[in-house]
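Written below as structure tokens is the structure these notes are about.
A short reminder: the numbers here are calculations on the coordinates, not readings from a lab. In this text, all values refer to a predicted model and were calculated from it rather than measured experimentally. Glycine also receives a Cβ, built like all others from the backbone with ideal geometry; neighbour counts cover every protein chain displayed.
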Amino acid sequence: MEKIKEFIKYSNKLEPDKYANEVHIHSESILKKIVNEKNIINFRNNDLTYYSGSLSHPDQFIGHWFSRGIIRNYLTSIRYLYLKKKKIKKFLSKQKLKFFDIKENRIGNPILYKFFLFSETGTNISNCFYFSLFKKYIDQAKPKKIVEVGGGFGKLASIILKNYPKVNYNFIELPYTSLTSYYYLKEFSKLNNLDNVSFFFNPEEKFDIQKQISVLTNLYVHKNENLFPNTDLLINTESFMHMSQNEILFYIDLIKKNKIKFILTLNRLDRKRKGETEFDKLFTNENIKLIDKIDLSFVLEDMYLTFYENFS
């Protein structure tokens, strides 16, 4: 917990994020007020749950239990998760892809929805789906080094590391969200006999590439762009679609400077909110070419998997 205490102490010095949108500013400002080294242990089952990122229904709606009755809501949630999983498997089968049914862990103390042999969270089902979609592209990229941008608390990262235990993994998130990412990936690392996890938030601190897993705040990366030379693969799920043009251009610059070979994303391609940009068009303009695309609307409305190769 020493690194977490160090971050909390340092956080008063954090500069405003010039790229942040309103949603990120709001969630980060709340996390700043409520996160500490005690409640982070249960971050998937307390007030941090709503703001720690990458949580899927019904994981982020704990308070709704009491407005409709605990038993009714619990059984409705189980039914929803069962049908969601069934629909995902059907979609993947049509794509001739295997569904990787990975058991949920207990890090962060998530609420498990159980009924006989069924035991799941929405977050686990979603991230097993993402990995099932991504695996053939990861195998194509044959990565020794991966950078994930905007991975929430690190669920997808943990699934990838479970299946590719030798890959070097760098994980970028917003400052206070990255605190839960660090805690989650550190505990995951202990459970799976991986190298320990580094956490970088102070731009004055030198980046140490000795550790297999590194969690970095986006503000640290803004000050130190050349951290990931010759990385094989950059991954992004459901955050490029929310970013401003300036932030997408920053990541394009990062891709170019570090000669990142492939980019794998799961996002909307059209703007829906004020301040968002169409990252796909900016990629194309910068000679980052689309080489594969899957329409995911059967499972995720308006969403696409896109796979790019960097020719810049």
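In this label model, Lys9 and Lys103 are separated by 3.9 nm, measuring between points 7 Å along each Cα→Cβ vector. Taking the Cβ of Lys223 as the centre, find all other residues whose Cβ is under 10 Å away and add up their charges (Lys, Arg: +1; Asp, Glu: -1). Taking every other residue near Lys223 into account, the sum is -3. With 0.36 nm allotted per residue and the present C-alpha distance subtracted, the Asp302-Lys142 stretch has 54.7 nm of extension available. For Met1 paired with Asn224, estimate the spin-label separation in nm (one decimal), with each label point 7 Å from Cα along the Cα-to-Cβ line. Placing both labels 7 Å along Cα→Cβ, they lie 2.7 nm apart. In this structure, the amide hydrogen of Phe200, modeled 1.01 Å from its nitrogen in the peptide plane, lies closer than 5 angstrom to those of Val215, Leu216, Thr217, counting only residues at least 5 positions away or on a different chain.
Going by the alpha-carbon gyration tensor, a ≥ b ≥ c the square roots of its eigenvalues, is the stretch 229-269 rounded (a/c under 1.5) or, if a/c is not under 1.5, prolate (a/b greater than b/c) versus oblate? It comes out oblate by the Cα gyration axes. Distance from the C-alpha centroid of the stretch 80-123 to that of the stretch 16-43: 28 Å, rounded to the whole angstrom. Scanning the chain for DSSP H helices at least 30 Å long along the axis (C-alpha atoms) with a Kyte-Doolittle mean no lower than -1.0 picks out 70-94.
Using the average count of surrounding beta-carbon atoms within 10 Å as a protection proxy, the listed peptides 8-16, 77-85, 289-297 rank, highest first, as 77-85, 289-297, 8-16. The distance separating the Cα centre of the stretch 211-242 from that of the stretch 129-208 comes to 10 Å. For the stretch 170-312, the relative contact order works out to 19 percent when only alpha carbon pairs closer than 8 Å and six or more residues apart are counted. Between amide H atoms placed 1.01 Å from N, distances below 5 Å from Phe115 occur with no residue 5 or more places distant or on a separate chain. Can you classify the stretch 162-242 as rounded, prolate or oblate using the Cα gyration tensor, where a ≥ b ≥ c are the square roots of its eigenvalues, rounded means a/c under 1.5, and otherwise it's prolate if a/b beats b/c and oblate if not? Taking the square roots of the gyration eigenvalues as a ≥ b ≥ c, the stretch 162-242 is rounded. Between rounded, prolate and oblate, where does the stretch 100-207 land on the alpha carbon gyration tensor, with a ≥ b ≥ c its root eigenvalues, rounded for a/c under 1.5, else prolate if a/b exceeds b/c? It comes out oblate by the Cα gyration axes. Taking packing as the residue-averaged number of other Cβ atoms within 10 angstrom, the listed peptides 190-201, 168-179, 18-29 run from highest to lowest as 168-179, 190-201, 18-29.
Remark: spin-label model distance Glu278-Lys87 equals 2.7 nm, labels positioned 7 Å along the Cα→Cβ axis.
Stretching Ile30 away from Tyr80 to a fully extended chain increases their span by 15.1 nm, per 0.36 nm per residue minus the current alpha-carbon distance. For a label point 7 Å from the Cα of Ile70 along Cα→C-beta, name the residues of the stretch 78-122 whose backbone N is under 11 Å from it. It comes to no residues whatsoever. Computed about the Cα centre, the dipole magnitude for the stretch 158-312 is approximately 220 debye when only Lys and Arg (+1) and Asp and Glu (-1) carry charge, each at its Cβ.
Rounded to the nearest 500, the 222 nm mean residue ellipticity of the chain from helices alone is -12500 deg cm²/dmol, with -39,500 (n - 2.57) taken per DSSP H run of at least 4 residues.
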